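Let me begin by presenting the structure, written as structure tokens, before commenting on it.
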Amino acid sequence: MNNNAHHGHGGARAGGLSVSESGYTLELDATILGAGRRTITFRVTGPDGQPVTEFVPEHDKELHFIAVRRDTSGFQHVHPVRDEKGVWTTELTLTPGDWRFFTDIHPAAHTGTLTLGADVAVAGAYDPRPLPEATRTSRIGTYAVTLDGELRAGEASDLTLAVSRDGRPVTDLEPYLAAYGHLVALRVGDLGYLHVHPEGAPGDGTTAAGPEISFMAVAPSAGAYRLYLDFQHEGTVRTAEFTVHASPAATPASGTTEHSSHHGHRSHR
């Protein structure tokens, strides 16, 4: 798991709300784009104003790039390629509307991971979609993913997602970026970003290859969130989407001093 607090594990705040943090800035070559399949180029500049070329890999990649429309549709999690000058290139499929792009990085000269975000406008007639209703099951073709657990504000909680196909549990999930699944949570309203990873790892001797993938997550506030689970099976990465509502943090009993950030932790297999 990523242990950086502002990705949600410490519950302090959501990430990705700023284009610049700790001297590092996401610089997109274009912030107005056409609809369709588009090539995106950008760089991450450091405190000296120069493009960063040294990163600590996180889950097999130097940089994770997330794109989502402001109405929470169109989610894409891709992995750009960097040249020797620090210019990153990737491709996205874009529909008209307002988008948010995120970079999840760990610059080698920085003490931890950062999530930077920037707004992008895609030209064309914008037909915003309503927020999908809260659901416990997401269907992707012949696959179904069910969600168990509750997201809570300021408290660590377990989320377990179980993958099935044609009604049968999938027990041969394939490692994808050093994990059996990747979960991104976005807060509805400002797209505050949480990037969490599952408990355990492929090949650790205890983590099964499905059907269940367990995560520890902390919501920075109560309210609606969108969850996006990427998992790989039979060579294809699929994304399951959920709408959930984080409950308010529990109010400590009078006279107690326990901090809510410690609630919900328990040992895992």
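Of note:
- Top-ranked residue of the range 159-172 - restricted to ones that are of a type outside the set (Val, Ile, Thr) and over 16 Å from the mean Cα position of the chain (by Cα), ranked as nearest to Pro198 (Cα to Cα): Ala162
- Residue among Asp190, Asp166 that alone is out of contact with any strand residue (DSSP E or B) (no Cβ under 7 Å at 6 or more places or on another chain) and either within 21 Å of Phe102 (Cβ to Cβ) or at pLDDT below 95 (or both): Asp190
- Elements of the type strands (runs of 3 or more DSSP E) sitting completely within the range 192-253 and holding at least 3 residues that are polar (S, T, N, Q) and buried (at least 21 other Cβ atoms within 10 Å of the Cβ): there are none.
- Selected residue (criterion: nearest to Glu84 (Cα to Cα)) from residues of the range 47-66 that are buried (at least 16 other Cβ atoms within 10 Å of the Cβ) and without any contact (Cβ under 8 Å) to a residue 40 or more places away in the chain: Thr53
- In the range 224-254, the residues that are touching a strand residue (DSSP E or B) at 6+ places or on another chain (Cβ under 6 Å) and farther than 23 Å from Arg139 by Cα: Ser247, Pro248, Ala249
- Qualifying residue in the range 143-162 (condition: part of a strand (DSSP E or B) and either touching a Pro at 6+ places or on another chain (Cβ under 6 Å) or at positive phi (or both)): yes
- For Thr72, the conditions (1) in contact (Cβ under 8 Å) with a residue 60 or more places away in the chain; (2) surrounded by fewer than 17 Cβ atoms within 10 Å (Cβ to Cβ); (3) not in a strand (DSSP E or B) are fulfilled apart from (2).
- Qualifying residues in the range 78-129 (those that are of a type in the set (D, E, K, R) and assigned to a strand (DSSP E or B)) - the one surrounded by the most Cβ atoms within 10 Å (Cβ to Cβ): Asp104
- Taking the criterion of being in contact (Cβ under 8 Å) with a residue 40 or more places away in the chain, loosely packed, with under 14 Cβ neighbours inside 10 Å and among the hydroxyl-bearing types (Ser, Thr, Tyr), the residues of the range 130-172 that qualify are Thr135, Thr171.
- Those residues of the range 32-46 which are without any contact (Cβ under 8 Å) to a residue 60 or more places away in the chain and surrounded by fewer than 19 Cβ atoms within 10 Å (Cβ to Cβ), in sequence order: Gly36, Arg37, Arg38, Thr39, Thr41, Thr45
The values are calculated or read from the model by the stated rules, or taken from the named source; none is laboratory data. This structure is a prediction, so every number in the text was calculated from the model and none was measured. Virtual Cβ from ideal backbone geometry, glycine too; neighbours counted across all protein chains shown.
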